[in-house]
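Undergrad: Questions regarding the structure given below will be posed in turn.
Just so it is clear, none of the values below were taken in a lab; they were calculated from the coordinates. Note that the structure is predicted; figures quoted are calculated from it, not measured. Here the Cβ positions follow ideal geometry from the backbone for every residue, glycine too, while neighbour counts run over all protein chains shown.
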Amino acid sequence: MDVVLVQWPAEAERLAALRADEVPRLLLVDNGASPPEPEDCLEDWVRVPASEAEVHSRLAGLSSR
């Protein structure tokens, strides 16, 4: 399953649409911003900048759900 990357908080409206469509998503949380509360198991977040390994690990976790 494809996981969509979402810039948080810049893409808050896009996040709402993806949540409504139940699309798996990884939020890339800006440094200094608070991540939103996940609404379901199809969402995870990582604070940026993040290592490539951390991003891939979170993407793999979401893909397997």
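Undergrad: Does residue 63 count as more than 16 Å from residue 8 (Cβ to Cβ) and among the polar types (S, T, N, Q)?
TA: yes
Yes/no matrix, rows are residues, columns are (1) free of Cβ contacts under 8 Å to residues at least 24 places away in the same chain; (2) within 11 Å of the chain's Cα centre (by Cα):
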{"residue": "4", "(1), (2)": "yes, yes"}
{"residue": "8", "(1), (2)": "no, yes"}
{"residue": "17", "(1), (2)": "yes, no"}
{"residue": "26", "(1), (2)": "no, yes"}
{"residue": "35", "(1), (2)": "no, yes"}
{"residue": "39", "(1), (2)": "yes, no"}
{"residue": "62", "(1), (2)": "no, yes"}
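Undergrad: Anything in the range 1-48 that is of a type in the set (Lys, Arg) and touching a helix residue (DSSP H, G or I) at 6+ places or on another chain (Cβ under 6 Å)? List them, or say none. Talk me through it step by step, then tell me what you get.
TA: Initial filter on the range 1-48 (of a type in the set (Lys, Arg)): 14, 19, 25, 47.
25, the sole residue that qualifies.
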